[in-house]
Amino acid sequence: MTTPPRLTQAEYTAFLDSLPVHPSCLYFASKDGNVEEAKGILVKNPNLEVNWTNNEDGWTTFYVACESGCDAIVSILLAHPDIEVNLKTKYGGPTPFVAACYNSSTSCARQGLRSTSRTLMESLRPCALLLMAA
């Protein structure tokens, strides 16, 4: 019996890079505040489902980025053409920007104020007083 040829490190890396990426990879990079990983995932996978939700509580990638207060990832996701900013959690919880306000991540919520999107403004309405006071 012959053994199959071993891959070089470059071949192995190329093989790994060719594998499809699951949207949960972007979710966990966003949740952990790993900006470079999130950027890399989106650059290599421009058609990735950015509005993916976890099954446990229905949080989206954008929700966890806002909830954790990672301004850089919030900005990256806001720039994505397919992002939906007003998706609520599985149990009808707050929108991502409202979660940012509740967790004192007002800089993330202010990004919504700088946006021209009406849906963003509707999302921020419940925490407008908190933003004015901060």
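Remarks
- From Val43, Val50, residue being modelled with pLDDT of 85 or more, in contact with a helix residue (DSSP H, G or I) (Cβ under 8 Å, 6 or more places away or on another chain) and among the aliphatic types (A, V, I, L, M): Val50
- Matching residues, region 1-29, being in a loop (DSSP other than H, G, I, E, B) and among the hydroxyl-bearing types (Ser, Thr, Tyr): Thr2, Thr3, Thr8
- When Val85 is tested against (1) modelled with pLDDT of 85 or more; (2) of a type in the set (A, V, I, L, M); (3) assigned to a loop (DSSP other than H, G, I, E, B), exactly one condition is not met: (1).
- Here Leu78 meets each of (1) under 25 Å from Pro46 (Cβ atoms); (2) at pLDDT below 80 with one exception, condition (2).
- Single residue of region 30-82 satisfying the filter (in contact (Cβ under 8 Å) with a residue 40 or more places away in the chain and part of a helix (DSSP H, G or I)) that is surrounded by the most Cβ atoms within 10 Å (Cβ to Cβ): Cys66
- In region 90-107, the qualifying residues are those that are among the small types (Gly, Ala, Ser) and modelled with pLDDT of 70 or more, and the one that is surrounded by the fewest Cβ atoms within 10 Å (Cβ to Cβ) is Gly92.
- Options Gly58, Gly33; residue that is closer than 19 Å to Phe97 by Cα and touching a helix residue (DSSP H, G or I) at 6+ places or on another chain (Cβ under 7 Å): Gly33
The values are calculated or read from the model by the stated rules, or taken from the named source; none is laboratory data. Just so it is clear, the structure is predicted and the values come from calculations on it, not from any experiment. Heads up, the Cβs are rebuilt from the backbone with ideal geometry, glycines too, and the neighbour counts pull from every protein chain shown.
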